[in-house]
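Encoded as structure tokens, the structure appears first; notes follow it.
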Ligand code: WT7
């Protein structure tokens, strides 16, 4: 086992913004005097066209929280215009293509011009403040321009991850009632082409309200064209002005909708607003990554996830940072790619997911050790609990024992990081997200909602609002209240379990609800089940997670077939591609377990607790099985546990 030279690491961050000395003081102030604290931060970090009347109002019971009430600002003014006097020629975005050897530099001036052009194109298509625009794009600079162009004119973007199927895209377009889709002809990832325009065409067969599809030419592939609806972006962009005044937005005007999975029903459209979201994304980026002017920062996420929103686009650009956007995957053309990109662009701060670290770790350390990585100063992780082995490898092999790791806990709904070490202040512990960010009050409650004091374990809740909090579930406010604010009244319920140690540090242990985390992708078991039962051969399906060496969690599906169906390898392959078609490749089951019956209570409820134990190979702790309608089901299930 390696020893962490934590002291030496902290020493190298002596001049960090947040140090051991000021963390306690600032945190206490943020808790004791939140209005004054946040007002000060909002003034320091953002440019406001006009000030707010009230810092905070509302409560969890109604779910009507509002921050910086009456304040006016524009996100793109903060992310672009205000930097122009000093940073017009500084790099805003470094784009690294899927194919090594291809990259682009976009300065703040260029970013301004691109964003304004796209904003003008949107305006020409009739897009107005408050309209919803769907963005279904590969990781190319135009994805950033598209998001910012919406923010420029006050349209609400809804980015849908390019790996989602036409079916998933359709659902999201309809739910948010989008009138315009921005996409590309094809995406390029790991040397493969992704038919984004073709997927969009399929989705739009059922979306009559989409009147324009703006297509970016990425790859030049052959695509179908619907006259009167489809528009080549480059043709229109050439004809519009490269300036566009930023719309004046209220702090509580919506900025974006982003869909995420829960334990029940369809994905929810998490809605974030302008002022509070931007403030917390900006502040957390600066302080947690200790971003210093001139540094190159790289987050490997996709803009289709919240990490891409807050920590590729909004947080870095609001700080005038240089943010790297990578089109490809960490293993293409070889598992050395990330470190080669780090060396090529002199990346100082690198932020990725534990699943990527584990995948690269499995390929051996030569891919890392043949690169220099001397520019690296700080490492970060996000998305799932990091196992100590992966943490140690990241720290010692990738970071050469020089770079602190910030293990950042947050969610789509929290908008920004809520629990994380500060590199210059915290004592790092492999696997612990350590302490709350300013103004954040985490707590643990038992299953009866009683607070757990001191060291212990429980359900992770947040006991008061924070600026980048979810405001509503788009089109269904009650669903937000039911999901987050009714399980433990008075608290925001995260859906995660956690442990708090003697030092008050938090260790997130994973979801306590029916939500899976597969390779850092969040997915409801119910979504995968619904896809499976759509297939004619499937009578019933129950999906649970099980520990997976690389993905963190794998998808284990128990399936009972229709009475006349014989399971076969062909049928299994068909089911897997069926789920891929319904949701996307990330939802493809790893294990299919055929069973004539699922374990049910006498009232007909599937006993998922037991299925989880079987999938996890925990046969001796099955718990109470006496309520099972047919106890013999159990033995057969255990006997047939699939690997
Ligand atoms: C869920 C949220 C927010 C960015 C990406 C995921 C898990 C996230 C950590 C971490 C342990 C983590 C939680 C959370 N999670 N970060 N550092 N340690 N677990 O966003 O898709 O909304 O998923 O990801 O289970 O609830 P998301």
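Summary table below
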| quantity | calculated |
| --- | --- |
| Of all residues making up the stretch 485-517, the number that are more than 20 Å from residue 437 (Cα to Cα) and in contact with a helix residue (DSSP H, G or I) (Cβ under 7 Å, 6 or more places away or on another chain) | 2 |
| Elements of type strands (runs of 3 or more DSSP E) contained in the stretch 152-218, each with 2 or more residues being over 19 Å from residue 473 (Cα atoms) and touching a residue at least 40 places away in the same chain (Cβ under 8 Å) | 180-184, 187-189, 212-216 |
| Qualifying residue in the stretch 293-304 (condition: under 17 Å from residue 418 (Cα atoms) and either in a loop (DSSP other than H, G, I, E, B) or within 19 Å of the chain's Cα centre (by Cα) (or both)) | no |
| Residue ranges of helices (runs of 4 or more DSSP H) in the stretch 321-428 with at least 3 members within 15 Å of the ligand (Cβ to nearest atom) | 354-361, 388-393 |
| Any hit, the stretch 106-122, residues being outside any helix (DSSP H, G or I) and either crowded, with 24+ Cβ neighbours inside 10 Å or assigned by the TED database to the domain that holds residue 238 (or both) | yes |
| Output for the stretch 221-261, where each listed residue is outside any loop (DSSP other than H, G, I, E, B), within 20 Å of residue 128 (Cβ to Cβ) and more than 16 Å from the ligand (Cβ to nearest atom) | 231, 233, 236, 237, 249, 250, 254, 255 |
| Subset of the stretch 286-302 (residues that are farther than 19 Å from residue 342 by Cβ and out of contact with any strand residue (DSSP E or B) (no Cβ under 6 Å at 6 or more places or on another chain)) | 286, 287, 293 |
| Of all residues making up the stretch 545-565, the number that are under 26 Å from residue 610 (Cβ atoms), surrounded by fewer than 21 Cβ atoms within 10 Å (Cβ to Cβ) and more than 25 Å from the chain's Cα centre (by Cα) | 5 |
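For every residue, the table says whether it meets (1) free of Cβ contacts under 8 Å to residues at least 60 places away in the same chain; (2) within 25 Å of residue 38 (Cα to Cα); (3) surrounded by fewer than 16 Cβ atoms within 10 Å (Cβ to Cβ).
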| site | (1), (2), (3) |
| --- | --- |
| 445 | yes, no, no |
| 456 | yes, no, yes |
| 463 | yes, yes, yes |
| 469 | no, yes, no |
| 488 | yes, no, no |
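The values are calculated or read from the model by the stated rules, or taken from the named source; none is laboratory data. Everything numeric in this text was worked out from a predicted model, so none of it was measured. Here Cβ is always computed from backbone atoms with ideal geometry, including for glycine, and neighbour counts include all displayed protein chains.
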